[in-house]
Amino acid sequence: MPPPVERGPVDSADHQQGMESAADAHSVTMQIPAMVPEIVPAQAALVVMHYQTDILALFPSVAPTLLSNTRKLCDAARAKGVSVYFAKIHFRPGYPEVSPLNRNGQGIKQLGLFIDDQISPELGQQANEPLIIAHRASVFFGTDLQVRLSAQGINTLFMVGIASTGVVLSSVAYASDADFRLITVKDCCYDPDQVVHDHLFSTAFDSRTTVLSLADALRLLA
């Protein structure tokens, strides 16, 4: 066993300087934000889901803020050259698309919604911006959205919608499995259950998407 090595007294000034340097490094590390993917406009699309009049009418206290936020996001995407897609849930009179086995669809049928509503005019949908019609919660199920995105060479999606526990959750899960790179903008999504909304963004959405605030998304699209 080798003899113990004798150590001289530690210089207090050097020790203090070392501690301060370590603290500064830790502080810098803690301030570095999560990495945000670089956006190639021609390969990106903003998918605005269920911003339709029947749904917004259910949440009158928050609808103006949601519409204002999402209009800003749409305009930023347009200015950047990012494609904008809109998606709505829709049924024909009598709800022939609703299976008696589909609990969510039966609830919609009882409420009498989504037959003659439209995407909110406040979002300023342009003539060249596609409208995807879905009959289920996911904007991909039973639609040609994935084919259209792939044909356009799009691999990155900004996804926003109402509600977080419905169309956003269903569509994010599908898009993640389809290998799209995903960005969700929390300030442009809403759910009447705030606790579940926050939990989704800190768990399921955080593990599948890059979660951004509206301010961060606008900076990314500037």
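Throughout, read-outs are computed from the coordinates displayed, never taken from laboratory work. Since we're looking at a predicted model, the values are computed, not measured. Neighbour counts are summed over all protein chains in view; Cβ atoms, including those assigned to glycine, are modelled from backbone coordinates with ideal geometry.
Dipole magnitude of the stretch 61-126 about its Cα centre, charges +1 at Lys/Arg Cβ and -1 at Asp/Glu Cβ only, in debye to the nearest 20? It would help to have the intermediate numbers written out before the result.
Working: 8 positive and 5 negative charges, 38 e Å.
That gives a dipole near 180 debye.
Would you be so kind as to identify which of Pro96, Ser150, Val167 lies farthest towards the positive end of the dipole of the stretch 41-221, taking Lys and Arg as +1 and Asp and Glu as -1 on Cβ and the Cα centre as origin? So the residue furthest toward the plus end is Ser150. Selection among Gly105, Ala215, Val82 by position relative to the dipole of the stretch 41-221 gives Val82 as farthest towards the positive end (Cβ unit charges, Cα centre).
With contacts taken as Cα pairs under 8 Å at a separation of at least 6 residues, the stretch 71-222 carries a relative contact order of 22 percent.
Multiplying the sequence separation of Val196 and Gln126 by 0.36 nm and subtracting their Cα-Cα distance, what value in nm do you get? Walk me through the numbers on the way to the answer.
Working: separation 70, 0.36 × 70 = 25.20 nm, distance 3.31 nm.
So the chain would gain 21.9 nm between Val196 and Gln126.
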